[in-house]
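Readers should treat all values here as calculations from the given coordinates under stated rules, not as data from a laboratory. Everything quoted here is computed from the prediction, not taken from an experiment. Every residue, glycine as well, gets a Cβ built from its backbone with ideal geometry; the counts of neighbours run over all protein chains shown.
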Amino acid sequence: MSKKLIFSRKSRREKRKKVIITLLISFIGIGAILSVAYFGVKYSKLKGFNLKNLYGNKQEVTLGNKTEENAVIEETKEDKAADKKLPKDVRKSSNTSIEGDKYTYNSSEVQKVNEKVVPTDGKKMVFLTFDDGPSLANTPKVLDILKSNDVKATFFILAKNFNDAPETSTLLKRELEEGHAIGNHGTSHLYEKLYPKNKAELNNIIEDFDNSDKQIKSILGDDFETRVIRFPGGSMSWKNMQPVKDYFKGKGIAYVDWMVDSSDAKHAGRTKAQIISEIKKETEKYEAAKIDKITILMHDAAGKESTVDALPEIIAYFKERGYEFKTLK
């Protein structure tokens, strides 16, 4: 047999072998693809996947009658609804709840007592007031203590807190729902803006309180209205305050200072014992002068842990002395 014929037969065998190998590889590949598709369908049915979305942009997982996507959307809606939900039982055009209204007292009359221009009437009342909140650190603790002692207070709200920590809005709602009264303490608490060179700047003060009022109403709703304010630093601390007082009086808004300063804002590190001692000393001084309505200045801002610690004993002290706890309206 010639070498040429032998080479030709070998060449044909090699070609057949290559064709067979190619066909085998193709069949194996097709089989693998079909197997993946088959088991993919079986798995999707078992686990609840929708096959038509398996290779799409979205993948849905059945959870009862809801899909995971729908569940997330609904949860987000619920969270937003909770944020926008207004507090219950707001007394219309008031700064407290329907239940809380029975604890209120006229703030203008209280300020007359603070300025010592009205005589005693024999009814012992104490007004616990908290400035500069709400704070995540201390307001919840203050509210817990007040609730456990069945006592109401007035919170003078500093609106910049809602910008610094938006979640504090839930604390404002809680204050109202639990029967406490809400007063306006302005937005910034910046003395240099409100009282440049220790002199009241009327337009800046108006703007500061108007902005705060809008923020508080955005959280508590249009039914809410407070006509009680407290000037940062107190009205007695600044020059040229009469035009400011006259402006707010013309708007039907009363300002309220305090009679007893708890001293919790005098400097950092004020102790529980110092705060309690200061309140007792000042209260007994006014009792001796036959003054029977005591407004106490405290703070529920961050850093006022000593105030929180002192509060149960302060409440017990006034209960023992026969005081009724009231709020400012």
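Rg then Dmax, both in Å and based on the Cα atoms of the range 217-329: 16.2, 44.
In this structure the amide hydrogen of Ser188, modeled in the peptide plane, comes within under 5 Å of no amide hydrogen from residues 5 or more places off or on another chain. Taken about its Cα centre, the range 205-254 carries a charge dipole of roughly 280 debye when the Cβ of each Lys and Arg holds +1 and the Cβ of each Asp and Glu holds -1. Listed by chain and number, the aspartates and glutamates placed with their C-alpha closer than 13 angstrom to that of Lys147 are Glu175, Glu177, Glu178; residues fewer than eight positions away on the same chain are left out. Past 21 Å, Cα to Cα, is the threshold; run Lys197/Lys249; Lys272/Lys304; Lys124/Lys173; Lys193/Lys245; Lys160/Lys217 against it and keep the listed order. Beyond 21 Å between Cα atoms: Lys197/Lys249; Lys124/Lys173.
A straight line joining the Cα centroids of the range 106-173 and the range 182-254 runs 16 Å.
By the Kirkwood approach, averaging reciprocal distances over each pair of separate Cα atoms, the range 108-202 gets a hydrodynamic radius of 15.3 Å. Under 5 Å from the amide H of Thr295 lie the amide H atoms of Phe127, Met259, Val260, each residue being 5 or more positions distant or on a separate chain, with H modelled from the backbone and absent for Pro and chain starts. In this structure, Lys116 and Lys88 have a Cβ-Cβ separation that, at R0 = 51 Å, corresponds to a calculated FRET efficiency of about 0.85. Each peptide in 195-205, 100-110, 119-129, 298-308 receives the mean, over its residues, of other Cβ atoms within 10 Å, and ordering these scores from highest gives 298-308, 100-110, 119-129, 195-205.
Charge dipole of the range 220-316 (Cα centre as origin; +1 on each Lys and Arg Cβ, -1 on each Asp and Glu Cβ, all else neutral): 440 debye, rounded to the nearest 20. Can you tell me the FRET efficiency between Asp223 and Glu109 if r is taken as the Cβ-Cβ distance and R0 is 25 Å, rounded to the nearest 0.05? My answer for the efficiency is 0.50.
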